[in-house]
1. On the Cα set of the range 75-230, report Rg and Dmax in Å, please.
2. In whole percent, how big is the carbon plus sulfur part of the accessible area of the range 176-230, probe 1.4 Å, protein atoms only?
3. With all protein chains present and a 1.4 Å probe, how do K116, K194, K183, K63 order by accessible area, largest first?
Amino acid sequence: MDMAKDPRGRKARETRRGRFPAAAVAAGLLLVLAGCQDEDRPGAAAAEDGRPVVVAPGKPGEKARTLTPEQAAGEKPDDTPNAADHAYVQGMIEHHRQALTMSALAPQRASADGVKRLAERIAAAQQPEIGAMERWLARHPAPQAGSGGHGHGHGAMPGMATEQQLRELTGATGADFDRLFLKLMTAHHEGALKMAGQALAGGNNVAVEEMATEVVATQTAEVHRMRAMG
């Protein structure tokens, strides 16, 4: 499970080193002085014309800077989605859909209450995530490939169950279903963690970063739970 720890740790270090000062300006971790004037501050001339100013905190050891709203907007980091962002969102939608298909079998075929509850939790988490990713794709359509679409197939994404494995799961009941479900879903989650790690390492969009980080947190916990159950 190094995959679950590494992407978050690496991304956190990158955030602390490089993205935080600019992101703080853009995200509103700033003091907006909308026309406020401090008569005791001779240096407050920028606000005396009635225009709002923004005080941007400096890096450690540096003084804060006073910016116009236009200057502050210009310091917003560019989080334009790149190929890694699109590949992650497109692939994870399909990945999640298979998890929902597998989880939908549990109520009628599983024998252990723990397996049934796990399947419910997986469906409850991943169905809304699919919706969020589909909305993201609607806002950020992927560039059209020359041919073959986005190219995701069961063999292209880590952890995806094969058609044969899905048939075996569908035909299993009771304890046999429980064992196979836990085996396939653990591998499925581990594949999702790998995909999320790739997005965190190579992506550029903040929203995708947040979605991938949530997958890492949620599915890491579920992997530990499934291993304990199996």
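The values are calculated or read from the model by the stated rules, or taken from the named source; none is laboratory data. No experiment lies behind these values; they were computed from the predicted model shown. When the accessible area is computed, the model is the full protein with side chains, heavy atoms only, and any ligands, DNA or RNA have been set aside. Shrake-Rupley method; radii C 1.70, N 1.55, O 1.52, S 1.80 Å.
1. 16.3, 58
2. Numbers: 1110 of 2170 Å².
Heavy-atom surface of the range 176-230 belonging to carbon and sulfur, 1.4 Å probe: 51 percent.
3. On the way: K116 65, K194 100, K183 140, K63 175 Å².
Descending order: K63, K183, K194, K116.
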